[in-house]
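The values are calculated or read from the model by the stated rules, or taken from the named source; none is laboratory data. Please read all numbers here as calculations on a predicted model, not as lab measurements. Virtual Cβ from ideal backbone geometry, glycine too; neighbours counted across all protein chains shown. Remember, those area values only see protein heavy atoms, side chains included, never the ligands or the DNA or RNA. Shrake-Rupley method; radii C 1.70, N 1.55, O 1.52, S 1.80 Å.
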Amino acid sequence: MNPFKFGFIFICGSMVISNITISSTKTEIPFKHVIIDKNQPAQPYTKIIADVNGDAYPDIIIAGNITPLIWYVFPTWTKHVIAEGGYKTVDGEAGDIDNDGDLDIVLGGLFWYENPRPSGDPAKRLWKAHTIANHTTHDIELGDLDGDGDLDVVTRDQSDFGTKKGNEIHIWQQENPDRWSEHVIQCPHGEGITLSDLDHDADLDIVIGGIWFENAKEITRGIWKEHPFANWHPSATVQTGDMNNDGRTDVILTPSELKGNYYKISWFEAPADAKDENWKEHVIEEKVECIYHSLEVADMNNDGELDIVTAEMHQGEDPDEVMVYINQGNGTNWIKQILSTKGSHYTRVGDIGNDGDMDIIGANHAGDYSPVELWENLMKP
């Protein structure tokens with residue numbers, strides 16, 4: 001019997017790896033595994049969770065590199081084409097770019113796709129494409145960096161695979177939805193980026209593996225001051241959250257490139273002043289292959305502690321695990337629960353169905369197995 005087909009994983013016994021315990025049935029979060037689409041777009045790089053049609057239920061958006069941008073409508077998962085394809089990215093985000101009360105989609109290339117709502121039906125026609133710039137990306141983030149009430153875009157490319165373009169962070173300040181001003185921050189080669197208010201001064205800073213850049217207020221004219229916090233692998237997937245409930249914003253990192261190389265998974269504890277360099281490293285797992293593009297931080301079992309969702313890409317050494325690191329308290333010990341051994345890429349977490357728990361979506365970006373998958377959390381609120 002294939003346990004993944006029926007959605008429940010039972011791993012008997014336990015063993016300790018550093019500060020990790022491989023889970024036993026007593027500590028597991030119950031998940032139901034669902035195949036959303038076995039005829040997914042080719043090379044389904046981009047995954048987004050967002051309420052597209054305004055019914056208050058999160059939907060799923062998937063895009064291939066050159067194949068259509070697809071919207072799957074909750075709960076039937078009916079497919080609708082948003083755009084035909086031709087993006088230059090592996091990442092995408094949803095946000096209300098034009099401030100008309102609905103969620104638009106931003107993809108590398110660099111484009112944003114206008115949701116036909118509120119006057120039109122997003123399921124009945126292709127969405128209008130708006131060009132921000134002719135600009136290839138690997139990572140995209142959205143946020144109001146300058147506090148003017150509209151969304152700005154932050155992008156970064158990558159430095160592996162011969163591109164050598166991951167040494168620049170591009171800020172695209174929105175002047176209006178069809179006019180954008182660019183500012184470039186130099187950074188070390190690599191990939192990965194997120195936005196977070198690390199210094200708690202009510203604006204969004206930029207975080208990469210080992211460095212955060214302090215918001216310059218004048219975001220396209222000011223100096224984004226560099227603050228190192230770790231000596232880390234150049235290619236990193238980056239997230240933030242308060243891992244030990246001390247009111248400070250910590251940073252979580254996984255190594256994202258390349259197969260055949262090995263590093264670690266860690267979180268870095270923020271000091272009282274985030275601008276200090278003495279961030280304490282907490283190693284979650286000592287040695288992993290550098291293929292962890294997935295990283296989400298959320299309370300997966302509703303115990304008040306932030307857990308970590310991550311996955312190995314399919315190109316790594318088998319097995320390619322999709323997993324949850326369950327926080328046992330203040331980020332010092334972890335239960336590792338394995339949901340699949342078939343891999344995934346850029347998994348996303350959200351409350352699909354609005355039932356009070358956090359679910360996981362994902363898909364391998366290529367290979368022999370790349371359906372759009374949902375791991376439905378069956379925890380009770």
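For the reader, a short list of remarks on this structure follows.
- Among the criteria (1) crowded, with 23+ Cβ neighbours inside 10 Å; (2) modelled with pLDDT of 95 or more; (3) closer than 30 Å to Thr163 by Cβ, the one Val52 does not fulfil is (3).
- Within the range 127-167, tally of residues that are more than 21 Å from Gln186 (Cβ to Cβ) and touching a Gly at 6+ places or on another chain (Cβ under 6 Å): 2
- At least 1 residues being under 24 Å from Ile206 (Cβ atoms) and of a type in the set (Ser, Thr, Tyr) is the threshold, and among the strands (runs of 3 or more DSSP E) wholly inside the range 254-341 those reaching it are 262-269, 294-298, 307-311.
- Hits in the range 254-273 - residues which are closer than 21 Å to Trp212 by Cβ, aromatic (Phe, Trp, Tyr), out of contact with any Phe, Trp or Tyr (no Cβ under 8 Å at 6 or more places or on another chain) and surrounded by fewer than 23 Cβ atoms within 10 Å (Cβ to Cβ): Tyr263
- For the range 194-211, a tally of residues being within 27 Å of Asp160 (Cα to Cα), in contact with a His (Cβ under 9 Å, 6 or more places away or on another chain) and crowded, with 20+ Cβ neighbours inside 10 Å returns 3.
- Residue check, Gly343 touching a strand residue (DSSP E or B) at 6+ places or on another chain (Cβ under 6 Å), small (Gly, Ala, Ser) and surrounded by fewer than 23 Cβ atoms within 10 Å (Cβ to Cβ): no
- Total residues in the range 55-80 satisfying the condition of being within 14 Å of Asp359 (Cα to Cα) and crowded, with 23+ Cβ neighbours inside 10 Å: the figure is 2.
- Any hit, the range 114-121, residues being part of a strand (DSSP E or B) and surrounded by fewer than 23 Cβ atoms within 10 Å (Cβ to Cβ): yes
- Residue check, Asp157 surrounded by 17 or more Cβ atoms within 10 Å (Cβ to Cβ) and free of Cβ contacts under 8 Å to residues at least 60 places away in the same chain: yes
- Output for the range 203-234, where each listed residue is in a loop (DSSP other than H, G, I, E, B) and touching a Gly at 6+ places or on another chain (Cβ under 8 Å): Asp203, Leu204, Gly209, Ala216, Phe229, Ala230, Asn231, Trp232, His233, Pro234
- On inspection, Asp148 passes the criterion of being acidic (Asp, Glu) and open to solvent by 10 Å² or more (accessible area, probe 1.4 Å).
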